[in-house]
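Throughout, read-outs are computed from the coordinates displayed, never taken from laboratory work. Just so you know, these numbers come straight off a predicted model, no measurement behind them. Here Cβ is always computed from backbone atoms with ideal geometry, including for glycine, and neighbour counts include all displayed protein chains.
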Amino acid sequence: MEPSDKYMFKHRECYFVQDMTTPEYIDSLENFEIRDSDVFLVTFPKSGTIWTQNILSLIYHEGHRNGTEDMDLLDRVPWLEYNIRNVDYVKRPSPRLFASHLPYCLLPKGLKNGRGKIIYVARNPKDVLVSYYHFSKVSQKLEEVEDFEVIMERFLAGKVIGNLWLDHVEGWSAQMDNTNILFLMYEEMKKDLRSAVLKICNFLGKRLSEEEIDDVVDMASFGKMSADRRANYTTLSSDLLDFSKGSFLRKGTIGDWKNTMTVAQNERFDSVFRKRMEKLPIKFCWDINDKL
Ligand code: PPS
């Protein structure tokens with residue numbers, strides 16, 4: 001079953017969410033002016049975006065930590081390619097924080113030329129797929145497909161938002177050695193969030209006290225974020241998300257794919273993905289007990 005073009009459109013070999021951006025806007029991003037102080041968080045969808053958005057926001061927006069700042073995460077770390085609140089990004093004060101799902105090839109030139117900083121977060125693709133499947137029920141902007149196998153085939157063919165996971169991660173991991181890119185894994189964040197926060201602070205040149213780091217780690221835990229309306233997207237309008245069908249922060253675990261995929265589906269997935277995954281310069285963890 002092919003995806004419906006009511007929900008996605010294809011531009012420059014990539015799928016984008018219908019009604020939330022335009023081909024002209026995507027093209028204009030190539031020349032989007034980058035400042036040295038800009039920080040971009042890039043992910044394939046469902047790989048830990050909101051989590052890292054919140055961590056960045058906690059590191060930069062001191063006020064948020066003690067609850068004095070009542071501002072949506074989406075306004076603190078807005079989407080580059082989905083400017084749904086029509087904000088003039090040029091007028092945003094520095095340092096600007098952005099989130100994006102763009103493949104490396106569609107990035108603004110300035111970022112490719114080494115201006116600004118990029119944090120790329122990757123996650124085990126089976127958990128990404130399962131998260132995407134469940135999220136397509138909650139999101140009003142994704143096509144809801146009951147049959148997991150249909151979504152899985154689309155994912156394996158790259159017919160989902162973010163396109164082919166292998167292309168996205170391959171394209172980005174080829175840039176791993178660039179000094180303006182920090183590569184992180186969802187799984188390493190899950191296993192040792194404090195070390196991941198320290199790594200991010202170090203990369204961004206932010207010096208936080210031990211207590212401030214503890215605060216960031218605490219506020220970015222799954223439990224705290226699930227209950228924090230400034231960090232869990234519950235303030236987004238009902239034409240974007242339908243919370244009667246689930247929540248944005250669903251389970252937040254490693255290895256949940258085992259609860260959804262059958263043995264046959266797992267074998268099918270491996271038959272398409274395994275060879276190219278083995279060549280990636282990163283090791284994925286398939287179970288909470290795996291070492292990274
Ligand atoms: S999106 O739509 O692309 O922006 O989604 P994204 O934020 O990338 O991914 C959502 C998944 O990340 C999980 N999540 C977390 N896991 C652990 N800890 C924290 N704090 C956290 N915050 C978000 C979220 O639960 C989604 O994963 P699943 O597997 O569906 O639970």
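Annotations for the structure displayed:
- Using θ = phi - 60° and Karplus 6.51 cos²θ - 1.76 cosθ + 1.60, couplings along segment 273-289 (whole Hz; Gly, Pro as x): 9, 4, 4, 5, 5, 5, 8, 5, x, 10, 9, 9, 10, 9, 8, 4, 8
- For the chain, the ratio of Cα radius of gyration to the globular rule of thumb 2.2 N^0.38 Å stands at 0.95.
- Computed from backbone phi with θ = phi - 60° and the Karplus coefficients 6.51, -1.76 and 1.60, the 3J(HN,Hα) list for segment 221-227 is 5, 4, x, 5, 5, 4, 8 Hz; x is used for glycine and proline.
- Global size of segment 141-292 as Cα Rg and Dmax, reported in angstrom: 17.9, 49
- Local electrostatic count, residue 225, Cβ distance below 14 Å [Lys/Arg +1, Asp/Glu -1]: +4
- Using a Gaussian network model of the chain in which every pair of alpha carbons under 10 angstrom is joined by a spring, one finds that among 72, 27, 88 the greatest mean-square fluctuation is at 88.
- Charge-dipole axis of segment 8-278 as Lys and Arg at +1 and Asp and Glu at -1 on Cβ define it, positive-most pick from 40, 175, 148: 175
- Amide H contacts under 5 Å for residue 8, placed H, 5+ residues apart: 18
- Choice from 142, 111, 198 showing the highest fluctuation, given a GNM over the chain with Cα pairs closer than 10 Å: 198
- Over the residues of the chain, the helix contribution to mean residue ellipticity at 222 nm works out to -11000 deg cm²/dmol, using -39500 (n - 2.57) for each DSSP H run of at least 4.
- Taking the Cα centre of segment 8-278 as reference, the dipole from Cβ charges on Lys and Arg (+1) and Asp and Glu (-1) amounts to some 300 debye.
- Förster-model FRET efficiency, 35 Å R0, residue 199 and residue 91, C-beta, rounded to 0.05: 0.65
- Seen from a random direction on average, the alpha-carbon convex hull of segment 1-63 projects onto 6.4 square nanometres.
- Distance from the alpha carbon centroid of segment 250-292 to that of segment 123-146 works out to 16 angstrom.
- Note, ³J(HN,Hα) from phi for segment 13-30, Karplus 6.51, -1.76, 1.60, rounded to Hz, x at Gly and Pro: 6, 10, 8, 10, 6, 4, 6, 10, 7, 9, x, 5, 5, 4, 4, 5, 5, 4
- For residue 241, the residues whose modelled amide H falls within less than 5 Å of its own, excluding neighbours fewer than 5 places apart on the same chain, are 140.
- In terms of other Cβ atoms within 10 Å, 39, 272 run from fewest to most in the order 272, 39.
- Close amide-amide hydrogen proximity is noted between residue 15 and 162, 163, each under 5 Å apart and 5 or more residues distant or on a separate chain (H modeled in the peptide plane; Pro and chain starts excluded).
- Sum of side-chain charges, residue 215 neighbourhood, beta-carbon under 15 Å (Lys, Arg +1; Asp, Glu -1): -2
- Surrounding net charge for residue 146, when Lys and Arg each add one and Asp and Glu each subtract one, Cβ distance under 13 Å: -2
- Percent of beta bridges antiparallel (DSSP, segment 8-278, rounded to nearest 5): 25 percent
- Set 46/224; 126/251; 199/291; 112/159 screened for pairs whose C-alpha atoms are more than 21 Å apart: 112/159
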